[in-house]
Amino acid sequence: MKIVVLKFGGTSVGSISRIKNVARIIISHIKKKYKVIVISSAMSGETNKLSNLTKEISSNFTPPEYDSVLAAGEQISCSLIAGRLNDEGFLSRSFHGWQVPIYTSGEYSHSRIVSVNKNNIIKYLKKGGIPILAGFQGINSENRITTIGRGGSDSSAIMIAKFFKAEKCIIYTDVAGVYSSDPKLIPNAKKIKKISYEEMLEMSSLGAKVMQPHSIQDARLHRIDIEVRSSFNNKTGSLITKRKNVSTKNIIRGVSFTKNDAKISLIGVKDKPGVAAAIFEPLYKNSINVDMVVQNISSNKKETDLTFTIKTEDLTKTVKLIKNNKNIKFKNIIIDEKVSKVSIVGVGMITTPGVTFRMFNALAKKNVNILVISTSEIKISVLVDRKNLKKAVDVLHKEFKLDY
Ligand code: ADP
Ligand code: ASP
Ligand code: MG
């Protein structure tokens, strides 16, 4: 069976006319003699709306009920797509996570797909049907609905492509592929023809929302090539694939950025072994992810300042944990929510000296102050004031010759 998996994101199913367009795209693949499995997201804005409802009704909605509410958006869009295909004379129906079933493990809201029962879908495909699967959801061993992290329909598509040994996995979205930076902020951003899993994983983890990071981990692990393209036009898209298929002549592949980081500085912390561990232990125990960390050199060998970043959504909880932590002492706590992390990503930096200098020098020339730095083998990230975000991304995009 020649199977293709097509995933449609929120904006691609965001209105009735967009859904009619999605049906046309699906039919075009059917006409090429493919068996088509569709994965759909909720209509854009729906999942946020559902999440807000739970917050309005209770400040501690239980995780299983939260996932049950959050998964509802996908059920509507899937049935609307199937309904439209029926209207066009095609056999089609929706499949919710439990009807496949798609099995997940792990915590609610952050579950991962571990297995899929293929029988129902294969039977339906053999009958000539077009199954429309709800992305983002599954069930766990207690038979309860789970979700797999925001933006998770990408991961649903990759895992379905893996289990059904699909020939192709196409992610339809509202831009024509993966760009050197977010085309909505940087109009000169260039579409990337081919990008390796490693670079895509860094770019998406560092803010390029076009693909959910977990989905790229899944694709890399199972060697699934992903085509990313627009549902709005017919332009060729981007291919996310193995490193050996990708040209390595670029030093830097792209510039990513975030807008949801917060910086916390603890001033006058005791400078002795174990203090950093004492600060971070309760955060770790509460599943709060600490990202960038910098500790100043102590001028009097007694006290120092420690700065770190976390996601803005974790800020209130983090500050509470720090203030209630009896194992640490500090003079002052400074919080800054108006920061952004800007990162350059590229495997070429492993073998090219001077990338760090070029990045810092380009930012300095534009008077962009660097607040915190962190690096890995294929990325360099700096934290800057949010007001400098566009300027910083622009100058780095030019410095590394990524402009269109
Ligand atoms: P979908 O609803 O289809 O899943 P998303 O909103 O999750 O779509 O992701 C698509 C968006 O990702 C684009 O509209 C674009 O603004 C953003 N984006 C951020 N960085 C990049 C990038 N490097 N390349 C392409 N798009 C990007
Ligand atoms: N609807 C879910 C979300 O908004 C999943 C997705 O869009 O991929 O996060
Ligand atoms: Mg998405």
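The values are calculated or read from the model by the stated rules, or taken from the named source; none is laboratory data. Model, not experiment: these values are computed from the prediction. When we count neighbours, we look across all protein chains shown, and the Cβ atoms used for this are built from the backbone with ideal geometry, even at glycine.
Listed by position, the helices (runs of 4 or more DSSP H) contained in region 1-92 that have at least 1 residues being at positive phi and of a type outside the set (A, V, I, L, M, F, W, C) form an empty set.
Within region 175-184, if we keep just the residues that are hydrophobic (A, V, I, L, M, F, W, C) and near ligand 1 (Cβ under 8 Å from one of its atoms), the residue that is farthest from Ser256 (Cα to Cα) turns out to be Val175. The set of residues from region 337-354 being at pLDDT 95 or above, of a type in the set (A, V, I, L, M, F, W, C) and within 17 Å of Glu199 (Cα to Cα) comprises Val342, Ile344, Val345. Which one of these does Ser51 not meet: (1) within 23 Å of the chain's Cα centre (by Cα); (2) under 28 Å from Lys235 (Cα atoms); (3) not aromatic (Phe, Trp, Tyr)? All conditions pass for Ser51, except number (2). In region 161-187, the residues that are touching a residue at least 60 places away in the same chain (Cβ under 8 Å) and over 16 Å from Ser41 (Cα atoms) reach residues that are within 6 Å of ligand 1 (Cβ to nearest atom) and assigned to a strand (DSSP E or B) with C-beta atoms within less than 8 angstrom, at least six apart or across chains, in these pairs: Val178/Gly254; Tyr179/Gly254; Ser180/Gly254; Ser181/Gly254; Ile186/Tyr179.
Among residues of region 274-300 that are more than 26 Å from Ile370 (Cα to Cα), those with a beta-carbon under 6 Å from a residue that is at pLDDT 85 or above and part of a helix (DSSP H, G or I) at least six positions away or on a different chain give the pairs Pro282/Leu321. I need the strands (runs of 3 or more DSSP E) fully contained in region 300-404, keeping only those with at least 1 residues that are over 28 Å from the mean Cα position of the chain (by Cα). Because the criterion is at least 1 residues that are over 28 Å from the mean Cα position of the chain (by Cα), the strands (runs of 3 or more DSSP E) in region 300-404 that meet it are 303-311, 332-345.
Among the residues of region 1-55, those identified as free of Cβ contacts under 8 Å to residues at least 40 places away in the same chain, closer than 15 Å to Tyr172 by Cα and within 16 Å of ligand 3 (Cβ to nearest atom) are Gly10, Gly14, Met43, Ser44. Scanning region 180-204 for residues that are within 14 Å of ligand 3 (Cβ to nearest atom) and outside any loop (DSSP other than H, G, I, E, B), which turns out surrounded by the fewest Cβ atoms within 10 Å (Cβ to Cβ)? Restricting to residues being within 14 Å of ligand 3 (Cβ to nearest atom) and outside any loop (DSSP other than H, G, I, E, B), the top hit is Ser204. Check region 241-261 and report whether any residue there is under 20 Å from Lys320 (Cβ atoms) and surrounded by fewer than 18 Cβ atoms within 10 Å (Cβ to Cβ). Yes, there is a match, as at least one residue in region 241-261 is under 20 Å from Lys320 (Cβ atoms) and surrounded by fewer than 18 Cβ atoms within 10 Å (Cβ to Cβ).
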